[in-house]
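Heads up: the structure comes next, in structure tokens.
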Amino acid sequence: MMAQHVKVVSYDPKWPEIYEREKNLILQILGEEAVSINHIGSTSVPGLAAKPIIDIMPVVRDISKVDWLKSQFESIGYEYMGEFGMPGRRYLRKGGDERTHQIHIFEACNKKDVLRHLAVRDYLRLHGDAREAYGTLKRQVAAQYPEDIEGYCNGKDAFVKNLEAKACAWYERTKGAAYLFDGWQETMIWSCLQEHMGTVETDGSLPPASARISVGDFSFFAGLPDEKLIQNAKTPILGPRTENWEPVIEKVLGAEAIKAQRYAIKKEPNVFDRETLEQYVASLPADYELKPIDLELYEQIMATPWAKDLCSGFCDGDDYVRRGVGFAAVYRGCVIAGASSYAVYDNGIEIEIDTNKEYRNRGLALACGSRLILECLNRGLYPSWDAHDLRSVRLAEKLGYHRDSPYNVYFLKSSCAELLDA
């Protein structure tokens, strides 16, 4: 048997396409026996360095029936290796010792192994620090054992075991919902799944078919439409991931649900011009003072209805001072406008900007927003923006952001009168 070369490369965006082509071939063989099929392993995690091997996990009704399909898998280039050291699994590989694809087949009732693979994948997709650490370790160990796959596996064994333990515990706490929201560029979803803020509810299955994430005033729905998740939502703004949720929301909530549009803003880390932002800060009218939001200003903001959203996502003032960041325009001791972290997520915040209606169109929001963005850049945080209306879009664009696309939400009529009138 030839030694297997150990090669770790940078993430290739073509890997999901390769998986999809192979997935279709596998499903043709498994037919109705397949319950689900999943891209797992390092090539399933965007941004993660990996050996260029596509790992595929079909989940089947009856593992013993897979043995009858051995010749069909061989006809598309796979070696059928049986359990290959793991009871309850069927392992197949393509490419021999220089393999390009691996199939790990488990029975649906084998929740332990199925969920372990899904947990690690989803955890790494959402946790950049763990993803970076794992990629760095793999490169180091591959350089140490370029011709020794056993040495390579042993070299990362302790890290992988610790990663699996963390991922499985996280997967249980977040109810396996992450995969339903994968790819949704909404930082409040990230905040919840990274366990900074908010709650997640599902239909109760694992992995779930439907889920709702709630952060602040927002609930986000993904998966198969579920009336109960809609009925039990306690927030005034509902965001469905796909159009098939919309008729169900309208059925459950009737005239209470008002369909509207919000505007996504692109997440581009290098678009901000510090000099321009500093000029906007300096343009604050002379009678106003720009102050960081401390415990005293937090208390004033929370007692001011129009300003409350600047800080309301945090447990209390101490929590805001510890995790939040924001600036307020103060006039004669009173907060007149502010820009703050509505939500926090790993290495970033979701921006909230509010101004007292009587003081609008004086450049206060522009100054506050500029000061907050500059502070985020200094701290290595990304200041994410999502626009309520076109006025918010125009402010974002002036600060350096670029518009992405509109998306549908539902406002609850009884809870959002001020937003609907804004």
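The values are calculated or read from the model by the stated rules, or taken from the named source; none is laboratory data. Because the structure is a prediction, the values reported are computed rather than measured. Here Cβ is always computed from backbone atoms with ideal geometry, including for glycine, and neighbour counts include all displayed protein chains. Each accessible area value is taken on the protein alone, full model and side chains, heavy atoms only, with ligands, DNA and RNA left out. Shrake-Rupley method; radii C 1.70, N 1.55, O 1.52, S 1.80 Å.
A straight Cα-to-Cα reach below 27 Å connects residue 266 with the lysines 14, 308, 398, residues fewer than 8 places away in its own chain not being considered. Each eigenvalue of the Cα gyration tensor of the stretch 195-236, multiplied by 5 and square-rooted, gives one semi-axis; in descending order these are 17, 13, 7 Å.
Cα-based values for the stretch 1-82, radius of gyration first and Dmax second, are 14.2, 38 Å. In this simple spin-label model, placing a label point 7 Å from the Cα along the Cα-to-Cβ direction at both residue 282 and residue 405 gives a separation of 4.0 nm. Of the solvent-accessible surface of the chain, computed with a 1.4 Å probe over protein heavy atoms with every protein chain present, carbon and sulfur atoms account for 49 percent. Accessible surface computed residue by residue for the chain, with neighbouring protein chains in place and a 1.4 Å probe, gives 48 Å² per residue.
Cross-link pairs exceeding 24 Å between alpha carbons, from the set 7/161; 234/357; 138/175; 175/251; 70/175; 7/65: 234/357; 138/175; 175/251; 70/175; 7/65. Divided by 2.2 N^0.38 Å, where N counts the residues, the Cα radius of gyration of the chain comes to 1.15. The Stokes-Einstein estimate for the stretch 204-303, based on a Kirkwood radius over Cα pairs and taken at 4 °C with 1.567 mPa s viscosity, is a diffusion coefficient of 73 µm²/s.
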